[in-house]
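Okay, structure first, notes after.
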Amino acid sequence: MTEDIHHLSVTASPGGLLFECERDHCGRRVVIDRDRGEMVVIDHGDRSALHEGSLGGVVLDRPVVRQT
Ligand SMILES: [Zn+2]
């Protein structure tokens, strides 16, 4: 079984960087507070999928966030 890879699009929001899954039926949403480096999952979406997205030195892996 191959792992599904979902791409996350990034928008700036008042609470930090908002990562949203581009798949219609997934709906994963994650907010990253750049000041504190914290990741908050708003909606888990498809838990079996691999979610990837990056912007401005923030790399989103599963389930780890690295700031470079
Ligand atoms: Zn997804």
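Which peptide among 41-47, 13-19 comes first, and what is the full order, when sorted by highest mean count of other Cβ atoms within 10 Å?
On the way: 41-47: 13.3, 13-19: 15.4.
The most tightly packed comes first, giving 13-19, 41-47.
Would you please give the residues with an amide H less than 5 Å from that of Arg28, counting only those at least 5 places away or on a separate chain, with H modeled from the backbone geometry?
Residues meeting the amide H criterion: Cys21, Asp46.
Coordinate-derived values only; no laboratory data. Here the structure is a predicted model, which is why all the values come from computation and not from measurement. Positions of Cβ are backbone-derived with ideal geometry, glycine not excepted, and every protein chain shown enters the neighbour counts.
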